[in-house]
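No lab work stands behind these numbers, since they all come straight from the coordinates. Predicted model only: the values in this text are computed from it and were never measured. Every residue, glycine as well, gets a Cβ built from its backbone with ideal geometry; the counts of neighbours run over all protein chains shown.
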Amino acid sequence: MSRQTVETLDYIAFARRVIRAAGQRCAEADDYELAELITLRDDVEDAITRAVVGLREQGHSWQYIGDALGIKRQSAQERYAKACAA
């Protein structure tokens, strides 16, 4: 496993812990904070799209990306090809 892979997995685990903690804090807050938490959905989708674009730029196939996303190759291509072409 490369150093980058290990650091990336640690970073994702950290992000997961922060998001879970934010959910707990929102559980003790009010609707404004909950609305802010929901906006993270778009940020996560943007991050996934950036990752897919980067993998495609590195030459990874749609099959590779679909497998990583847990979806079919065709579904991955349909969902992200436009972002990769931009």
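Here are some notes:
- Loop GluC sites (Glu not before Pro), the stretch 1-60 (other Cβ atoms within 10 Å of the site Cβ: 13 or fewer; DSSP): E28
- Remark: the stretch 42-58, residue by residue, has Karplus-estimated 3J(HN,Hα) of 5, 5, 5, 5, 4, 5, 5, 4, 4, 5, 4, 4, x, 5, 5, 5, 7 Hz, where x stands for each Gly or Pro and the curve is 6.51 cos²θ - 1.76 cosθ + 1.60 at θ = phi - 60°.
- Once the chain from S75 to T49 is taken as fully extended at 0.36 nm per residue, the excess over their C-alpha distance is 8.0 nm.
- When the helices of the chain are scored as -39500 (n - 2.57) per DSSP H run of n ≥ 4 and the total is divided over every residue, the value at 222 nm lands at -27000 deg cm²/dmol.
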